[in-house]
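The block underneath contains the structure these notes are about, expressed in structure tokens.
The values are calculated or read from the model by the stated rules, or taken from the named source; none is laboratory data. Being a predicted model, the structure only gives us computed values, none of them experimental. Don't worry about glycine lacking a Cβ; one is built from the backbone with ideal geometry, like all the others, and counts go over all protein chains shown.
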Amino acid sequence: MAIRAVVWGENIHDRENAVVQGIYPRGMHGAIADALNDDPDIEATTATLEQTEHGLTADRLASTDVLTWWGHRAHGQVRDEIVDRVAERVWQGMGLIVLHSGHFSKIFRKLMGTPCALKWREAGEKERVWVINPGHPIARGLDASFVVPQTEMYGEPFVVPEPMETVFISWYDGGEVFRSGLTFQRGAGRIFYFSPGHEVYPIYHDKNVRQVLRNAVKWAANPAPAWSTVSQAQNVPTEKAPEPLVQRGPSLHASGEAGFR
Ligand code: ZN
């Protein structure tokens, strides 16, 4: 069965800014979904902020293997209830690809637990993305480095936890560097952050960037059944311990009592 990907887009600049509209007539989410659907092993659909429940109903998320997230101007308009729902699915095993200005999204900050701040500059400068982990599945099919001709600079320090793996480091005309491709794991869910993707340049039409997106979705898809109890504390009564165990000393709870400690 194909990997079921949902491409989430804020869809604001895509509708309101003429430059962005010219580059992405069907929205950035449309272009990203097209890139994913170029691979027969991926079946990508889209969801946007203005839809009911931001297009991310519990049923839809339950049948999503990997969610990609692009947001910029309206992070604050994403309802906390939906953010919690997405986080729960990530902990259960859904993959999450966070793109560009999604570094400041509620979902990414919640899962990282850090400010996720960085330096930035919008000068249309060149970015060279270095593959520093050529054996990583997300780097499959790429050369040692590739160039994004015009980009928004994102620079270090990037205030995220130490990643599981650093796949890409970017260098810019202006001299800064940035860890542009990072992997994390939260619960059973794999997370990939990828920085290229500023909306006024045609970055999601770039063949290398599109390759990274497809690779990332395939890497983040977890074929194991959802870990449905991931956020539930489960009491193991003394008499049900795997090894014989004698109760010693006082206890706050009656043996076998369910619920929170
Ligand atoms: Zn940007």
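Condition check: surrounded by fewer than 19 Cβ atoms within 10 Å (Cβ to Cβ) and either modelled with pLDDT of 95 or more or more than 16 Å from the ligand (Cβ to nearest atom) (or both). Does E122 satisfy that?
Working: surrounded by fewer than 19 Cβ atoms within 10 Å (Cβ to Cβ): yes; either modelled with pLDDT of 95 or more or more than 16 Å from the ligand (Cβ to nearest atom) (or both): yes.
When the stated conditions are applied, E122 passes them.
Just checking, how many residues over the range 103-116 are at negative phi, within 16 Å of the ligand (Cβ to nearest atom) and either in contact with a His (Cβ under 8 Å, 6 or more places away or on another chain) or part of a strand (DSSP E or B) (or both)?
Qualifying residue count for the region: 2.
Give all pairs with beta carbons closer than 8 Å in which a residue from the range 20-33 that is on the phi > 0 side of the Ramachandran plot meets a residue that is surrounded by fewer than 18 Cβ atoms within 10 Å (Cβ to Cβ) and in a helix (DSSP H, G or I); count only pairs at least 6 apart in sequence or on separate chains.
Listed by first residue and then by second, the contacts come to G27/R15.
Kindly list, by first and then second residue, each pair from a residue in the range 113-131 that is more than 16 Å from D206 (Cβ to Cβ) to a residue that is within 12 Å of the ligand (Cβ to nearest atom) and among the aliphatic types (A, V, I, L, M), limited to pairs with Cβ atoms under 9 Å and residues at least 6 apart or on different chains.
Taking only residues 6 or more apart or on different chains, the pairs are K119/M153; W120/M153; R121/M153; E122/M153; E122/V200; A123/M153.
State which residue is farthest from the ligand (Cβ to nearest atom) when the search covers only the range 146-183 and only residues that are buried (at least 20 other Cβ atoms within 10 Å of the Cβ) and of a type in the set (A, V, I, L, M).
V167
Let me confirm something: among G175, G249, G197, G181, which residue is without any contact (Cβ under 8 Å) to a residue 40 or more places away in the chain and within 30 Å of E125 (Cβ to Cβ)? Lay out the reasoning, then the answer.
Working: G249 fails: within 30 Å of E125 (Cβ to Cβ); G197 fails: without any contact (Cβ under 8 Å) to a residue 40 or more places away in the chain; G181 fails: without any contact (Cβ under 8 Å) to a residue 40 or more places away in the chain.
Testing whether each residue is without any contact (Cβ under 8 Å) to a residue 40 or more places away in the chain and within 30 Å of E125 (Cβ to Cβ) leaves just G175.
Quick one: is V131 away from the ligand (no atom under 15 Å from the Cβ) and surrounded by 19 or more Cβ atoms within 10 Å (Cβ to Cβ)? Break it down stepwise before answering.
Working: away from the ligand (no atom under 15 Å from the Cβ): yes; surrounded by 19 or more Cβ atoms within 10 Å (Cβ to Cβ): yes.
Yes: the conditions hold for V131.
Taking only the range 203-246 into account, find how many residues are free of Cβ contacts under 8 Å to residues at least 40 places away in the same chain and among the hydrophobic types (A, V, I, L, M, F, W, C).
5
From the residues in the range 184-198 that are away from the ligand (no atom under 16 Å from the Cβ) and farther than 16 Å from L36 by Cα, which one is surrounded by the most Cβ atoms within 10 Å (Cβ to Cβ)?
The qualifying residue surrounded by the most Cβ atoms within 10 Å (Cβ to Cβ) is G189.
Checking the structure you have, find out if any residue of the range 199-208 is touching a Ser or Thr at 6+ places or on another chain (Cβ under 8 Å), surrounded by fewer than 16 Cβ atoms within 10 Å (Cβ to Cβ) and part of a loop (DSSP other than H, G, I, E, B).
No.
Within the range 45-102, take every residue that is among the small types (G, A, S), in contact (Cβ under 8 Å) with a residue 60 or more places away in the chain and not in a helix (DSSP H, G or I) and give me the one that is nearest to the ligand (Cβ to nearest atom).
Once the filter is applied, the top-ranked residue is G71.
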